[in-house]
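Asker: So that we are looking at the same thing, I have put the structure below in structure tokens.
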2 protein chains.
Amino acid sequence: MKEFELIQHIFKASSMANIEGRRDILLGIGDDCAQVNVPADQTLVLSMDTLVEGRHFPYDADPSAIGYRAVASCVSDLAAMGARPSFFTLGLTLPHSDPQWLSAFAEGMAELAEPIGLLLVGGDTTRGPLTITLQVHGYVEAALIKTRSQAKLGDDIYVTGVLGDAAAAVPIVTDEIIVANDLYDYFYERYWRPTPRLIAGMALKRVAHAMMDISDGLAQDIQHILLASNVGAVLQGNQIPISDFLRDWQPDNALTIALTGGDDYELCFTAPKSTREEISLITQTLHLPCCRVGEVVETGFSIEGYAGDLEGWQHF
Amino acid sequence: MKEFELIQHIFKASSMANIEGRRDILLGIGDDCAQVNVPADQTLVLSMDTLVEGRHFPYDADPSAIGYRAVASCVSDLAAMGARPSFFTLGLTLPHSDPQWLSAFAEGMAELAEPIGLLLVGGDTTRGPLTITLQVHGYVEAALIKTRSQAKLGDDIYVTGVLGDAAAAVPIVTDEIIVANDLYDYFYERYWRPTPRLIAGMALKRVAHAMMDISDGLAQDIQHILLASNVGAVLQGNQIPISDFLRDWQPDNALTIALTGGDDYELCFTAPKSTREEISLITQTLHLPCCRVGEVVETGFSIEGYAGDLEGWQHF
């Protein structure tokens, strides 16, 4: 079997390629195109992310962890729209064909993709420096989609989960800094296995106004909402959710890391004050950690109780 | 303006991002996801292709030519399904941000994408070795889609255009071989500006049985149809369409190059003998060069009048 066919075989054989019981997927891997019948009452949303070794994840990392995180980071964009995951494609550029690496990578992807109903339907595999491009697709009712431009004056601003762990984890998972085992384990998981807030996105879409996922740091990402919605914001520094691990390990820098660190893939959303009770009910029912961190104002951007530097992480 | 924003700006500003008048595209570039409303009577087809510099196109090539060819090669997969192009995404990994390069690249893409109604709706830009991942999307009626598995015993086998020019062009466009100006100009165009057979695919979908595009050489690609359809084929070596340029330049190797060379992005399709007249009418109306090159048989694969080596071009 030729190398190229082997790769196709691994992905086709993986249970992700099992399209039985999926009425929406008419053709999966193996023809010139995949074919999808989008449910009649739904619109299609899609997002593409490219991950380059040494830039978006460390060299020589565990392929299973790479696979899991690649799906998680991309799927987070679906969560931000309030969409239900449906299928994805994979553009994989590899320095050489290594069946063990590929199997582990495919398993890592499947570990997250399968339980959320995200089916691999196609892609391309080429030789070159390790680069992973994923495109994820989801379904959402046209009227319920959450964009960045829907924030309204007076809205509360919320974030899910805790912020900063993934950014703080980088020197730990790359072994630049050696820490105690429990710290290592915690941050390793936080870096490699972020939890895309899919259920939260779907549950909140009927209540929230604007919504987006935090991939480059709250302080930077929220600007996209403010710009698109033509509003301002005041955040409360002491309300920004931070894990005990991060606060204990970096007491002086925790807030800066939480404000500027990316890769946690939590959601930031705005909602009218009148929905506070409803949001509280949703987050309690879903056991979803969710903090009110500020308010939408007419113009400008400030963080009360914070005087640090807000240079966000730059992709390019 | 930061580099990353500059890139977004170039693509957003390009006329490809003009979604006015497009009822199917609800959200384009600029949010967490793009949003599409697939027309009610259509299914969505999609195909992803990755092109790596130095492997799928020469180093230091004209960025406008790279952009054109990237769209052409990917769109060819839509043609093979009989689909109408609708929108695409771009995962672009670049060693550095060069506005001139980017503008030329975007122009090259737009030159082909615009007239066929293929709108750029999203993507990702990262730093790294030059790698281009395109995902193209099209619409086709569920019942009319052309797959590789629909060939029937006794079908005629056709190919569009002429074969082998793009493969023969490689040493010419990389300046490994110096040829006369007219030859250079011809092969340069054939390599960099293949014509995806979109109109042909849409016109033939009501008549053809199996269809696919030829990207790795006819002799290799037709095996996919035979395998998927569980049939065999006999091709007539002297019916394989070859350009006068290729035949004059490489009289001894022309047929081998035509059978094994990829990247022409012509269509190969099968159709029942009863449709010969109809196919002739379609191809004449469209001024579409189209040759009957063989027949679907029960089993096996042979090429009458050819005794050469059939090692196809390997991607990986």
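The values are calculated or read from the model by the stated rules, or taken from the named source; none is laboratory data. Small disclaimer: the values here were computed from a predicted structure and weren't measured. In this analysis, Cβ positions are derived from the backbone assuming ideal geometry, glycine residues included, and neighbour counts consider all displayed protein chains. Heads up: the accessible areas ignore ligands, DNA and RNA and are worked out on the full protein's heavy atoms, side chains in. Shrake-Rupley method; radii C 1.70, N 1.55, O 1.52, S 1.80 Å.
Asker: Considering each of B:Pro194, B:Pro171 in turn, give the residue that is away from every other protein chain (no Cβ under 14 Å), closer than 29 Å to B:Ser64 by Cβ and open to solvent by less than 10 Å² (accessible area, probe 1.4 Å). Walk me through it before giving the result.
Answerer: Details: B:Pro171 fails: open to solvent by less than 10 Å² (accessible area, probe 1.4 Å).
Selected residue: B:Pro194, the only one of B:Pro194, B:Pro171 that is away from every other protein chain (no Cβ under 14 Å), closer than 29 Å to B:Ser64 by Cβ and open to solvent by less than 10 Å² (accessible area, probe 1.4 Å).
Asker: May I ask you to say which residue of A:Thr131, A:Thr126 is modelled with pLDDT under 95 and not aliphatic (A, V, I, L, M)?
Answerer: Values: A:Thr131 fails: modelled with pLDDT under 95.
Testing whether each residue is modelled with pLDDT under 95 and not aliphatic (A, V, I, L, M) leaves just A:Thr126.
Asker: For the range A:62-91, enumerate the residues that are of a type in the set (A, V, I, L, M, F, W, C) and either free of Cβ contacts under 8 Å to residues at least 24 places away in the same chain or part of a helix (DSSP H, G or I) (or both).
Answerer: From the range A:62-91, those of a type in the set (A, V, I, L, M, F, W, C) are A:65-66, A:70-72, A:74-75, A:78-81, A:83, A:87-88, A:90; that's our starting set.
Listed by number, the residues that qualify are A:Ala65, A:Ile66, A:Ala70, A:Val71, A:Ala72, A:Cys74, A:Val75, A:Leu78, A:Ala79, A:Ala80, A:Met81.
Asker: Please specify each residue of the range B:141-156 satisfying the condition of being part of a helix (DSSP H, G or I) and in contact with a Leu (Cβ under 8 Å, 6 or more places away or on another chain). Step through it out loud before you land on a result.
Answerer: Pass one, the range B:141-156, residues part of a helix (DSSP H, G or I): B:142-144.
The one that is part of a helix (DSSP H, G or I) and in contact with a Leu (Cβ under 8 Å, 6 or more places away or on another chain): B:Ala142.
Asker: Mind telling me which of the residues B:Asp309, B:Asp263 ends up being of a type in the set (Asp, Glu) and not assigned by TED's automatic domain parsing to the domain that holds B:Ala200?
Answerer: B:Asp309
Asker: Among the residues that make up the range B:272-283, is at least one of them within 14 Å of chain A (Cβ to nearest Cβ), open to solvent by less than 50 Å² (accessible area, probe 1.4 Å) and either in a helix (DSSP H, G or I) or in contact (Cβ under 8 Å) with a residue 40 or more places away in the chain (or both)? Before you say what the answer is, go through the steps one by one.
Answerer: Step one: list which residues in the range B:272-283 are within 14 Å of chain A (Cβ to nearest Cβ), which gives none.
Checked the range B:272-283: no residue is within 14 Å of chain A (Cβ to nearest Cβ), open to solvent by less than 50 Å² (accessible area, probe 1.4 Å) and either in a helix (DSSP H, G or I) or in contact (Cβ under 8 Å) with a residue 40 or more places away in the chain (or both).
Asker: Scan the range B:42-61 for residues that are in a strand (DSSP E or B), under 14 Å from the mean Cα position of the chain (by Cα) and closer than 16 Å to B:Tyr191 by Cβ and report the count. Can you show your working first?
Answerer: Initially, the range B:42-61 is screened for residues in a strand (DSSP E or B), giving B:43-53, B:57.
Cutting the leftovers down to under 14 Å from the mean Cα position of the chain (by Cα) gives us B:46-51.
Now narrow it down to the ones that are closer than 16 Å to B:Tyr191 by Cβ: B:51.
Here the count works out to 1.
Asker: If B:Ala142 meets every condition in (1) crowded, with 18+ Cβ neighbours inside 10 Å; (2) at negative phi apart from one, which number is that one?
Answerer: With respect to (1) crowded, with 18+ Cβ neighbours inside 10 Å; (2) at negative phi, B:Ala142 is out only on (1).
Asker: Only one of (1) open to solvent by 30 Å² or more (accessible area, probe 1.4 Å); (2) out of contact with any helix residue (DSSP H, G or I) (no Cβ under 6 Å at 6 or more places or on another chain); (3) small (Gly, Ala, Ser) fails for B:Gly305. Which number is that?
Answerer: Status for B:Gly305: all satisfied but (2).
Asker: Being in contact with a strand residue (DSSP E or B) (Cβ under 6 Å, 6 or more places away or on another chain) and of a type in the set (A, V, I, L, M) is the requirement here; does B:Ala219 meet it? First the steps, then the outcome.
Answerer: Values: in contact with a strand residue (DSSP E or B) (Cβ under 6 Å, 6 or more places away or on another chain): no; of a type in the set (A, V, I, L, M): yes.
Here the answer is no, as B:Ala219 does not meet what is asked.
Asker: Could you tell me which numbered condition A:Arg148 fails, if it satisfies all but one of (1) open to solvent by 10 Å² or more (accessible area, probe 1.4 Å); (2) away from chain B (no Cβ under 14 Å); (3) in contact (Cβ under 8 Å) with a residue 40 or more places away in the chain?
Answerer: Of (1) open to solvent by 10 Å² or more (accessible area, probe 1.4 Å); (2) away from chain B (no Cβ under 14 Å); (3) in contact (Cβ under 8 Å) with a residue 40 or more places away in the chain, only one is false for A:Arg148: (2).
Asker: Identify, please: which residue in the range A:92-114 is in a loop (DSSP other than H, G, I, E, B) and over 26 Å from A:Lys205 (Cβ atoms) and is, among those, most open to solvent (accessible area, probe 1.4 Å)? Walk me through how you get there before you give the answer.
Answerer: The initial filter retains those residues of the range A:92-114 that are in a loop (DSSP other than H, G, I, E, B), namely A:95-98, A:114.
Filter once more, so that each one left must be over 26 Å from A:Lys205 (Cβ atoms): A:95-98.
Working: A:Pro95: 68, A:His96: 101, A:Ser97: 22, A:Asp98: 50 Å².
Looking at residues that are in a loop (DSSP other than H, G, I, E, B) and over 26 Å from A:Lys205 (Cβ atoms), I get A:His96.
Asker: If you check B:Asp62 against the conditions, is it closer than 30 Å to B:His209 by Cα, more than 10 Å from chain A (Cβ to nearest Cβ) and among the acidic types (Asp, Glu)?
Answerer: Numbers: closer than 30 Å to B:His209 by Cα: no; more than 10 Å from chain A (Cβ to nearest Cβ): yes; among the acidic types (Asp, Glu): yes.
Judged against the criteria, B:Asp62 is not a match.
Asker: Checking the conditions here, which among B:Arg247, B:Arg276 is at pLDDT 95 or above, basic (Lys, Arg) and under 24 Å from the mean Cα position of the chain (by Cα)?
Answerer: On the way: B:Arg276 fails: under 24 Å from the mean Cα position of the chain (by Cα).
Selected residue: B:Arg247, the only one of B:Arg247, B:Arg276 that is at pLDDT 95 or above, basic (Lys, Arg) and under 24 Å from the mean Cα position of the chain (by Cα).
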